[in-house]
Amino acid sequence: MTSFKVLVADDHPATRAGVRAAFEGTPFIVCAEEADAAGAVESALRTRPDICLLDIHMPGNGIAAAIELSSGLPETAIVMLTVSRNDDDLFAALRAGAVGYLLKDTDPDRLPNALQGVLDGEAALPRALVARVLAEFRGRDKRRRLELTSREWEVLELLRDGLSTAAIAERLFISRVTVRSHVAAVLRKLRVPNRKAALDLLKEYERSSGGKLPALAE
């Protein structure tokens with residue numbers, strides 16, 4: 001069974017222990033634990049985890065850590081684990097490059113499934129927060145939101161054709177990790193929570209633009 005490394009950064013030992021317990025019997029392994037943002041960045045750069053679970057309000061600020069890590073480790077998925085339901089925190093995390101925003105009162109048994117979804121290229125957001133994200137971006141200019149690179153467009157179109165992550169990797173001669181990275185970038189740029197929402201947005205854009213694709217980003 002393939003295992004995945006997870007860095008957990010939270011200033012509460014009980015939270016870190018809870019995450020370790022939730023991972024028992026799953027493919028997820030805690031590769032490092034830190035209590036502040038600076039330690040999280042240092043450990044992540046050293047261990048290169050598949051996922052970083054970051055508390056927003058830990059010392060040094062989890063958002064600041066997310067910004068640094070999304071730049072320094074672009075193939076590492078950043079997921080916030082927090083008690084905050086504040087919209088400012090949510091959107092700051094997404095702008096920082098996070099692909100997940102999980103609340104600490106989430107059922108621990110659901111954590112591995114949520115993180116597996118992240119590795120498959122989906123965002124991890126509680127249902128209560130998805131509506132806020134969609135409401136925030138629904139009225140924004142669609143053309144700006146659909147400015148993707150040529151490779152991201154290829155991946156999105158293959159998703160529309162029903163291809164899996166493995167099939168896309170084979171078609172484009174790239175790794176599955178790279179496919180997931182492209183999917184995560186698409187979701188982040190479109191500000192949508194998952195693949196289905198991205199495809200729905202693509203269909204909406206094509207209907208409103210007469211089927212014309214937007215210009216590619218440089």
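The values are calculated or read from the model by the stated rules, or taken from the named source; none is laboratory data. Predicted model, so just to flag it, every value in this text is computed and none were measured. Heads up, the Cβs are rebuilt from the backbone with ideal geometry, glycines too, and the neighbour counts pull from every protein chain shown. Calculation scope for accessible area: heavy atoms of the full protein, side chains included, ligands and nucleic acids excluded. Shrake-Rupley method; radii C 1.70, N 1.55, O 1.52, S 1.80 Å.
Values computed for the structure shown
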| item | result |
| --- | --- |
| Within segment 183-194, considering residues that are open to solvent by 40 Å² or more (accessible area, probe 1.4 Å) and assigned to a helix (DSSP H, G or I), the one farthest from E122 (Cα to Cα) | K189 |
| Search result, residues across segment 94-106 that are in a helix (DSSP H, G or I) and either farther than 12 Å from R188 by Cα or charged (D, E, K, R) (or both) | R95 |
| Residues (modelled with pLDDT of 90 or more and of a type in the set (G, A, S)) located in segment 36-74 | A37, A38, G39, A40, S43, A44, G60, G62, A64, A65, A66 |
| Check on D109, open to solvent by less than 40 Å² (accessible area, probe 1.4 Å), in a helix (DSSP H, G or I) and of a type in the set (D, E, K, R) | no |
| Checklist (1) open to solvent by less than 20 Å² (accessible area, probe 1.4 Å); (2) at pLDDT 85 or above; (3) not aliphatic (A, V, I, L, M) applied to G121, failing item | (2) |
| Hits in segment 100-117 - residues which are in contact (Cβ under 8 Å) with a residue 60 or more places away in the chain and either more than 24 Å from A14 (Cα to Cα) or aromatic (F, W, Y) (or both) | G117 |
| Every pair of residues 6+ apart whose Cβ atoms lie under 6 Å, when the first sits in segment 82-93 and is in a loop (DSSP other than H, G, I, E, B) while the second is modelled with pLDDT of 85 or more and surrounded by 19 or more Cβ atoms within 10 Å (Cβ to Cβ) | S84/I56 |
| Near pairs, Cβ below 9 angstrom, 6+ apart or cross-chain, from segment 1-14 (without any contact (Cβ under 8 Å) to a residue 40 or more places away in the chain and open to solvent by 60 Å² or more (accessible area, probe 1.4 Å)) to any residue that is aliphatic (A, V, I, L, M) and part of a loop (DSSP other than H, G, I, E, B) | P13/A35 |
| Top-ranked residue in segment 46-65 [being hydrophobic (A, V, I, L, M, F, W, C) and more than 21 Å from T106 (Cα to Cα); ranked as least open to solvent (accessible area, probe 1.4 Å)] | A65 |
| Test: residue in segment 83-94 that is β-branched (V, I, T) and surrounded by 15 or more Cβ atoms within 10 Å (Cβ to Cβ) | no |
| Output for segment 18-45, where each listed residue is part of a helix (DSSP H, G or I), farther than 17 Å from S70 by Cβ and open to solvent by 40 Å² or more (accessible area, probe 1.4 Å) | R20, A21 |
